[in-house]
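Heads up, the thing below is written out as structure tokens.
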Amino acid sequence: MKEEKLQELLHSLTWTEKVGQLVQLSGEFFNTSALTVGPQQKLGISDEILSNVGSVLNVAGAAKTKEIQQTYLEKSRHQIPLLFMADIIYGYRTVFPIPLGLGASWNPDLIEEAYTIIGKESQAGGAHVTFAPMVDLVRDARWGRCLESTGEDSLLNAAYASAMVNGLQKNLDKQEGIASCVKHFAAYGAAEAGREYNTVDMSERRLRQDYLPSYKSAVDAGCKMVMTSFNTYDGVPVTGNEFILKDILREEWGFDGVIISDYAAVRELIDHGIAKDNKEAAYLAMKATNDIDMKSPCYANELQPLLKDGRIDGELINQAVLRVLKLKNELGLFEDPYRGASEAKEKETLLKEDHRALAKKVAAESVVLLKNKNNLLPLNPQADEKILLVGPYGDNQELIGLWAVHGQTSDTVSIKAGLESYLKPENLCVEKGCDMLESYDFLGEFGATKDMIDSLSLSDEEKKTYLESALAAAEKADTIIFAMGEHTMQSGEAGSRTDIRLPQIQREFMKQLIVLNKKTILLSISGRPLVLTEEAETIDAILQVWFPGTEGGHAIADILFGQTNPSGRLSMSFPYSVGQLPIYYNEFKTGRPLTSATHSGRFVSKYLDSPNAPLFPFGYGLSYSDIHYSGLTLSDTKMSEELTISVQIENTSNRACLETVQLYIQDVVGSVVRPIKELKQFKKVQIAEHATVTVAFTLTREELKFYTCSMNYEAENGTFIAFVGPNSTDTQEAAFELV
Ligand code: BGC
């Protein structure tokens, strides 16, 4: 449809029809059976609004979306199709690793390929928009939503943000991908104390320097929508925050797409205590240019009264409606309200062989080898050794994590199945050994009944039998592989925790087997960095495998048996203890650093009972190759516009590898305090066995810019240090002057 036609359409709508476009309701409101009354009454939405609602939340599947669309359009005066929006965060039916795992790939190009597949599958399944990517920078592993983020670094996050948007929206005009809605704007990852839905408060400098770049990258890549975050910024919840939405997003960044509130966030302005009622809440959100009200009655019931009172200008509503109509038009919905989705297309697209193959490749690149004492890994599948796979995740398909709403665990390759493809049956023994958790009572909060909870817990008798049988198998085994981790419901939204070690029951169980002095390997399955301090001392080899997705079992087995050389690198620090949180590599310099020359002993910045450093730092990860860095060279000691920084990397092993070479800088003296290190570039390079490569980075003045004391974004002349290495800690360094 041409722009003038859209304008005509807009002006032919009544105010009720316009307001409807700005309301989003979930699937139960569109139940084509007569059951709609319940949720409607509960939320207080009128029939009139319901029949004009503009978009649907979290319904997917070609049959269902087509049915709802058809029923809706049959009664629609202007034939304006519904937009179907859903949470498709890291996979539709083919599920990739959780984003924190994707972050560990340090491979945005590969992640773009993954999101292209996600876009294709989602389109076939009738979704028009996905609430992805989530690009909140995270520094506190207590927050369950670390699962959804690519990590703690703004540069890396920004690279993934654009890759994900590009993938999802590839060939949007040819009905291949779907529209992307970046979230949660802004700074939701900084929720205080890692507690879900909690306050965010930070300086504007930190906001701009660290937190905004990933959202900006998604916006620059052309994402069609932005979702507001639940948190406050500088005292004002973002959904009603004109500085964040209007000044930064709309005016500075020129974003003219649709802004949607997070779930019920408009109404929550009342709970925050900045609006006294629904009307005030609608007023604040609309004034901040939030276009769509997700799952709250505020816009539905209050925009028209606000208009009548003259408090809201009709033009503000018109602009919001026009943005929604434009998106529908861009997606081609006026021409084809089903946007090419069909059961047949779904059948031919979902879980295609090449989708699964890519999911396996991505899962393998996301796995991080944290420890490998005496090169225990890789295992030799031909060795006539007995392997015991034990733990609640061994024979278990629950490997897709909390936020893969449309994924099915029945499609997933378990770790057991992965191992079976390498080992003779007589060499593999699989035992559950222990329960996943001491208690499943917390599942009650997620709707589980007492019977369901009881059915999950092992009886005392079962616990005893499982333990005895695992101990007997362990006695006979040469190597024990522990498949341990958090329960799916312990991370993701509303999954904040203060004890982020492996569940106690699993730790106690492992201890009983570790004393047998067998070779031990831990597969750590989690939606966040765990505190693995105990395990790092007692277990020989540790692989962090996240929730690895549909092909998890195959990818893990390929790594265990050396078919794939692990190349993942942490994109979020793994703390030594929970008391260190928040912890991140690019912290600011302090007046009394740990290594202070002028203050000794107690009076430096440190803990009395824990090191300052994390257990495993940002950028860290091992491979099966022996890699040596040497000869850091700068093209000059002075830099005006550009500087080349190069290093030699030697692989002295007989295994080729993928090495992630990382360049950091430190701005030694600035008009404001600068971080001790900042990632500036990285390259993932292939190094053949017994080969040496030279890796060179060209650093530009642009990359040395920051928000100075006067809030100008510029580089300040002076001394800098360049660091190059395989992670943020083990680096070589050389100084240069910016002139
Ligand atoms: C979450 C969002 C999600 C939305 C819709 C909210 O609770 O914070 O990430 O997109 O629900 O399901």
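Would you mind finding the one in Gly553, Gly492, Gly527, Gly562 that is small (Gly, Ala, Ser), over 22 Å from Thr409 (Cα atoms) and out of contact with any strand residue (DSSP E or B) (no Cβ under 8 Å at 6 or more places or on another chain)? Within the list Gly553, Gly492, Gly527, Gly562, the selection yields Gly562. Of all residue pairs spaced 6 or more apart or on separate chains, those with beta-carbon atoms under 6 Å, a first member in segment 287-303 that is closer than 14 Å to Phe185 by Cβ and a second member that is within 16 Å of the ligand (Cβ to nearest atom) and part of a loop (DSSP other than H, G, I, E, B) are Asn290/Ser261; Met294/Ser261; Met294/Tyr263. For segment 284-372, the helices (runs of 4 or more DSSP H) that sit wholly inside it and include 1 or more residues that are under 30 Å from Pro548 (Cα atoms) and acidic (Asp, Glu) are 343-349, 353-366. Taking the criterion of being in the same structural domain as Leu467 (by TED's automatic domain parsing), more than 30 Å from Asp435 (Cα to Cα) and more than 30 Å from the chain's Cα centre (by Cα), would at least one residue in segment 351-374 satisfy it? Yes, some residue in segment 351-374 is in the same structural domain as Leu467 (by TED's automatic domain parsing), more than 30 Å from Asp435 (Cα to Cα) and more than 30 Å from the chain's Cα centre (by Cα). Of all the listed residues (Tyr92, Tyr72), the sole one being within 16 Å of the ligand (Cβ to nearest atom) and open to solvent by 10 Å² or more (accessible area, probe 1.4 Å) is Tyr92. Does Asp291 satisfy the criteria of being open to solvent by 60 Å² or more (accessible area, probe 1.4 Å) and within 16 Å of the ligand (Cβ to nearest atom)? Here the answer is no, as Asp291 does not meet what is asked.
In the condition set (1) open to solvent by 20 Å² or more (accessible area, probe 1.4 Å); (2) in a strand (DSSP E or B), Arg602 is compliant with all but (2).
Specify the residue that is nearest to the ligand (Cβ to nearest atom); the eligible residues are those in segment 298-313 that are in contact with a Lys or Arg (Cβ under 7 Å, 6 or more places away or on another chain) and farther than 15 Å from Glu17 by Cα. Checking each candidate, the answer is Cys298. Residue check: Leu147 meets all listed conditions (1) in a helix (DSSP H, G or I); (2) away from the ligand (no atom under 14 Å from the Cβ); (3) within 14 Å of the chain's Cα centre (by Cα) but one, namely (2). The residues listed here are Gly527, Gly562, Gly495; of these, the one that is of a type outside the set (A, V, I, L, M, F, W, C), modelled with pLDDT of 95 or more and on the phi > 0 side of the Ramachandran plot is Gly562. Of all residues in segment 325-342, those that are modelled with pLDDT of 95 or more have Cβ atoms under 6 Å from Cβ atoms of residues that are open to solvent by 20 Å² or more (accessible area, probe 1.4 Å), 6 or more apart or on another chain, in Leu327/Lys224; Asn329/Met1; Phe334/Met1; Tyr338/Lys66; Arg339/Gln175; Gly340/Gln175. Please indicate, with yes or no, whether at least one residue in segment 224-234 is within 21 Å of Glu148 (Cα to Cα), among the basic types (Lys, Arg) and either modelled with pLDDT under 95 or not in a loop (DSSP other than H, G, I, E, B) (or both). No, the conditions are met nowhere in segment 224-234. Give segment 184-200 a look and list any residue that's at positive phi and assigned to a loop (DSSP other than H, G, I, E, B), or say none. Residues satisfying the conditions are Ala187, Tyr197.
Report, by residue number, each residue of segment 434-472 that is closer than 20 Å to Lys518 by Cα and either within 31 Å of the chain's Cα centre (by Cα) or free of Cβ contacts under 8 Å to residues at least 40 places away in the same chain (or both). Cys434, Tyr466, Glu468, Ser469, Ala472 - these are the residues of segment 434-472 that are closer than 20 Å to Lys518 by Cα and either within 31 Å of the chain's Cα centre (by Cα) or free of Cβ contacts under 8 Å to residues at least 40 places away in the same chain (or both).
For every residue, the table says whether it meets (1) under 30 Å from Ser12 (Cα atoms); (2) crowded, with 24+ Cβ neighbours inside 10 Å; (3) within 16 Å of the ligand (Cβ to nearest atom); (4) modelled with pLDDT of 95 or more.
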site: Ser33; (1), (2), (3), (4): no, no, no, no
site: Ile68; (1), (2), (3), (4): yes, no, no, yes
site: Met85; (1), (2), (3), (4): yes, yes, yes, yes
site: Gly101; (1), (2), (3), (4): no, yes, no, yes
site: Asn107; (1), (2), (3), (4): no, yes, no, yes
site: Ile111; (1), (2), (3), (4): no, yes, no, yes
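Can Ser203 be described as at negative phi, more than 14 Å from the chain's Cα centre (by Cα), modelled with pLDDT of 95 or more and open to solvent by 10 Å² or more (accessible area, probe 1.4 Å)? Spelling it out, Ser203 is indeed at negative phi, more than 14 Å from the chain's Cα centre (by Cα), modelled with pLDDT of 95 or more and open to solvent by 10 Å² or more (accessible area, probe 1.4 Å). Do we find a residue being of a type in the set (S, T, N, Q), within 14 Å of the ligand (Cβ to nearest atom) and buried (at least 20 other Cβ atoms within 10 Å of the Cβ) anywhere in segment 206-228? Within segment 206-228 (the criterion being of a type in the set (S, T, N, Q), within 14 Å of the ligand (Cβ to nearest atom) and buried (at least 20 other Cβ atoms within 10 Å of the Cβ)), the answer is yes, since at least one residue qualifies. Considering the conditions (1) polar (S, T, N, Q); (2) in contact with a helix residue (DSSP H, G or I) (Cβ under 8 Å, 6 or more places away or on another chain); (3) open to solvent by less than 70 Å² (accessible area, probe 1.4 Å), Ser421 is excluded by exactly one of them, (3). Of the residues that make up segment 630-638, is at least one outside any loop (DSSP other than H, G, I, E, B), modelled with pLDDT of 95 or more and either open to solvent by 90 Å² or more (accessible area, probe 1.4 Å) or touching a His at 6+ places or on another chain (Cβ under 8 Å) (or both)? Yes, segment 630-638 has at least one match.
The one condition from (1) within 16 Å of the ligand (Cβ to nearest atom); (2) buried (at least 24 other Cβ atoms within 10 Å of the Cβ); (3) more than 18 Å from Arg528 (Cβ to Cβ) that Gly177 does not meet is (1).
Okay, residues lined up against (1) within 16 Å of the ligand (Cβ to nearest atom); (2) free of Cβ contacts under 8 Å to residues at least 60 places away in the same chain; (3) more than 25 Å from Val200 (Cβ to Cβ):
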{"site": "Glu268", "(1), (2), (3)": "yes, yes, no"}
{"site": "Leu284", "(1), (2), (3)": "no, yes, no"}
{"site": "Glu315", "(1), (2), (3)": "no, yes, yes"}
{"site": "Gln319", "(1), (2), (3)": "no, yes, yes"}
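Among the criteria (1) within 14 Å of the ligand (Cβ to nearest atom); (2) without any contact (Cβ under 8 Å) to a residue 40 or more places away in the chain, the one Thr239 does not fulfil is (2). Scanning segment 460-498 for residues that are open to solvent by 10 Å² or more (accessible area, probe 1.4 Å), among the aliphatic types (A, V, I, L, M) and not in a helix (DSSP H, G or I) gives a single hit, Ala494.
In this structure, does Val647 turn out to be of a type in the set (Val, Ile, Thr) and farther than 29 Å from Val368 by Cβ? Against the criterion (of a type in the set (Val, Ile, Thr) and farther than 29 Å from Val368 by Cβ), Val647 does not qualify. Checked against (1) out of contact with any Pro (no Cβ under 6 Å at 6 or more places or on another chain); (2) more than 16 Å from the ligand (Cβ to nearest atom), Arg139 passes all but condition (1).
When Asp435 is tested against (1) under 26 Å from Gly553 (Cβ atoms); (2) of a type outside the set (S, T, N, Q); (3) part of a helix (DSSP H, G or I), exactly one condition is not met: (3).
The values are calculated or read from the model by the stated rules, or taken from the named source; none is laboratory data. Computed from a predicted model, the values in this text were never measured in an experiment. Every residue, glycine as well, gets a Cβ built from its backbone with ideal geometry; the counts of neighbours run over all protein chains shown. Only protein heavy atoms, including side chains, enter the accessible area calculation; ligands, DNA and RNA are left aside. Shrake-Rupley method; radii C 1.70, N 1.55, O 1.52, S 1.80 Å.
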